[in-house]
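The values are calculated or read from the model by the stated rules, or taken from the named source; none is laboratory data. Please read these numbers as outputs of a predicted model, since none were measured by experiment. Note that each Cβ is placed from the backbone with ideal geometry, even for glycine, and that neighbours are counted across all protein chains shown.
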Amino acid sequence: MKTQTGNKLKLGVFVTLGILLFIIGIYFVGKKQNLFDTTFGLRAVFKDVSGLQPGNNVRFAGINVGIIDNITILNDTSVRVDMQIQQDVKKFIKSDSRAVIGSEGIMGNKILIITPGSSGRIVKSNAFIATTAPINMDDILKNLKTTIENAAVITEDFSKITQSISSGKGTVGKLFMDSSFAKDVDQTVTNVKKGTQGFQENMEAAKSNILLRGFFRKKEKAKQEQQKENEAAKDSTSKTKKRRK
Amino acid sequence: MARHNLYDSEDEISEKTPKIPFRHLKSFFLEVSLITSFSFEFFRQLFRKGFEFSETAKQSYKIGYNSLPLVAITGFIMGLVLTMQSQPTLKNFGAEAWLPAMVGVSLIREIGPVITALICAGKSGSGIGAELASMKVTEQIDAMEVSGTNPFKYLVVTRVVASMLMIPVLAVFADAIGIFGSYIGVNLYGDISFRLFIVQVFEKVEFMDIFPAFIKTFFFGFAIGIIGTYKGYNAENGTEGVGYSANSSVVIASLLIFIIDLMAVQITSLFSY
């Protein structure tokens, strides 16, 4: 009889633990789906939800704050998405926030991202918020096609240009390919050298000219005076420094 | 003379060969009908008054508590092995962060319940079959009937109810211990905190993963109990019959578990989309 009670006790512990584990599991899943939190509703109308499903996460500032509750098609150009958002993030969502559909990585699930707004008013429950059309992969590919076509035209032109350069046509072609141009440049540099030498001689001559001598002397005197003043100032500061010491 | 006999027997075989599949089919359908009526009898007896609570608790202890070490070790190894097997493939995809979620979902949805059910079919199913069969061939069941106890109620109903209630609990343990085994498996390759691991596991687990898996374990338990008791209750041919009952109850119960699993996945996918 004693062992039977012991067995019953063990069975009780076993079953209780099992049920407890089950409840913990349910709680974890439920917590994720906001079952045990107070939530409020938000709505948004999209033209295309690109595969968003009920149960997908809603993100605000990179945090999962809710889930997609329901998706209903209103007419051929609009789909209404109902969200359930945790009550405690309501105060951060402004009335001019926008909803965008994104995805978790390349292969991941679709998510709805609420971008923060800037107005002072907090969003109301069950209000509609503005949406931004999701970027469609087909549109990207279309744009990419025109880009590639443009690139083809550009590279064709570029190849023509390089061809004409290498064959020495046009100004740039001459610059790269014609050796007479280099000779001309060399000659020009020599001429410039000669010119500057002549200019220096002219200046020397001007200094010794009677008319201009006075001007140059004045300039020299002013320079000397400036130097003297500087030296005097230096002396005084050094003296004061010495006194302090 | 011997030659003549050989011809004779060959003739006999060639005459009977086409009939053999039909004979098997006939016995198969007969078996199905007997098991079905046995199940109906179980439900009829279950709702009659005078439920054997004490005996059910005793059987629950035997089926549930005594199977826990076996189920725990199997669950742990399944979690660990599943993690270690999937890790290289997921690493190639650069999706190692999905390892806990993948192992969690596959354990909760499929591996936990089915492995638990198979282990219990092997351990408890054969035990029930052998126990009842030995009682049958030693005419203890007849003796019970004579003494005024309802043997069906006392032997069959208690065991089936016990296995129906205990397999789900064991499956929950297998899941939990399997997830813990997976945590150790993940930590063989990298370093991940237990909290992050649990968050990643439950990131992908939905109610539609937990409830169908939980509900199907009741059916697994029912299959194990009903087949074990049926085979034991209808044992024949003395001691030889005891071995046969134990063996066939394991085989049929295991097969039924897979069939129920197949039906469960069909029904689940019907509801989830």
Handout entry: helices (runs of 4 or more DSSP H) completely within segment B:62-168 that count 1 or more residues being of a type in the set (Ser, Thr, Tyr)
Key = B:68-93, B:99-106, B:112-120, B:126-137
Handout entry: Among the residues listed as A:60, A:14, the single one being away from chain B (no Cβ under 14 Å), surrounded by 13 or more Cβ atoms within 10 Å (Cβ to Cβ) and of a type in the set (A, V, I, L, M, F, W, C)
Key = A:60
Problem - Hey, residue A:74 surrounded by fewer than 13 Cβ atoms within 10 Å (Cβ to Cβ), among the hydrophobic types (A, V, I, L, M, F, W, C) and closer than 19 Å to residue B:205 by Cβ or not - result: no
Practice task
Go through the residues of segment B:151-161 one by one and say whether even a single one is at pLDDT 90 or above, within 12 Å of chain A (Cβ to nearest Cβ) and touching a Leu at 6+ places or on another chain (Cβ under 6 Å).
Solution key: no
Problem - Those residues of segment B:162-188 which are among the aromatic types (Phe, Trp, Tyr) and within 14 Å of chain A (Cβ to nearest Cβ), in sequence order - result: B:173, B:180
Practice task
Say whether the condition of being more than 23 Å from residue A:81 (Cα to Cα), surrounded by fewer than 11 Cβ atoms within 10 Å (Cβ to Cβ), small (Gly, Ala, Ser) and in contact (Cβ under 8 Å) with a residue 12 or more places away in the chain is met by at least one residue in segment A:120-127.
Solution key: yes
Problem - Criterion (assigned to a helix (DSSP H, G or I), acidic (Asp, Glu) and out of contact with any strand residue (DSSP E or B) (no Cβ under 7 Å at 6 or more places or on another chain)) met by exactly one of B:236, B:203 - result: B:203
Fill in the blank from the handout: Subset of segment B:18-61, residues part of a loop (DSSP other than H, G, I, E, B) and modelled with pLDDT under 85, comes to B:18, B:48, B:49, B:50, B:51, B:52
Problem - Qualifying residue in segment B:149-160 (condition: farther than 20 Å from residue B:51 by Cβ and either of a type outside the set (A, V, I, L, M, F, W, C) or surrounded by fewer than 20 Cβ atoms within 10 Å (Cβ to Cβ) (or both)) - result: no
Handout entry: Considering residues of segment B:186-232 that are over 30 Å from the mean Cα position of the chain (by Cα) and of a type in the set (D, E, K, R) only, the residue modelled with the highest pLDDT
Key = B:195
Problem - Residue identified as of a type outside the set (A, V, I, L, M, F, W, C), within 17 Å of residue A:68 (Cα to Cα) and modelled with pLDDT under 85 among A:103, A:119 - result: A:103
Completion exercise
Residues of segment A:33-57 being without any contact (Cβ under 8 Å) to a residue 24 or more places away in the chain and either among the polar types (S, T, N, Q) or at the interface with chain B (Cβ under 8 Å from one of its Cβ atoms) (or both), in sequence order, are A:55
Fill in the blank from the handout: If we keep only residues of segment B:215-239 that are within 14 Å of chain A (Cβ to nearest Cβ) and buried (at least 19 other Cβ atoms within 10 Å of the Cβ), then the residue farthest from residue B:254 (Cα to Cα) is B:217
